[in-house]
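K.L.:
Have a look at this one.
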Amino acid sequence: MAILNVYSALVVLFLTCWAAMATKEYDQIIKENNCETKMGLPCVLEAFTSIFETGTISNKCCGELGRLGKVCHSALVKRTLENPLFKGLSLATIIAKRIQTWNNCLALIYSPSPST
């Protein structure tokens, strides 16, 4: 029984340390890449809404998301998911919506414009 308690304590300690390291890792990526300065607030809100709620992202904001880059996009979403306010959200759903938003924006940015 004592071994089970020690094992449980080690698992909790490991998970707590891993979460703290992950947050620091995302913060470091965000800082090193100046992620928080690459998009205007209106576009940040559009991207957030398209990923964490139900909404769309405009062509203009897709352009800003593309300039933000995949590394920043991913780190910002993952850091947001670690916030206790978003604890009840489905991780799989949010990751799928993050990928979908990114792919849709890239398709829009790099699609050939119709000739006029």
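K.L.:
Exactly one condition in (1) part of a helix (DSSP H, G or I); (2) farther than 13 Å from Thr101 by Cβ is false for Ser74; which is it?
P.N.:
With (1) part of a helix (DSSP H, G or I); (2) farther than 13 Å from Thr101 by Cβ applied to Ser74, the lone miss is (2).
K.L.:
Specify the residue that is surrounded by the fewest Cβ atoms within 10 Å (Cβ to Cβ); the eligible residues are those in the range 51-68 that are under 20 Å from Glu82 (Cβ atoms) and of a type outside the set (D, E, K, R).
P.N.:
That would be Phe52.
K.L.:
Within the range 47-55, does at least one residue satisfy the condition of being at pLDDT below 90 and not charged (D, E, K, R)?
P.N.:
Within the range 47-55 (the criterion being at pLDDT below 90 and not charged (D, E, K, R)), the answer is yes, since at least one residue qualifies.
The values are calculated or read from the model by the stated rules, or taken from the named source; none is laboratory data. Owing to the predicted nature of the structure, the values given are computational and were not obtained by experimental measurement. All Cβ positions, even for glycine, are placed from backbone atoms using ideal geometry, and neighbour counts span all protein chains on display.
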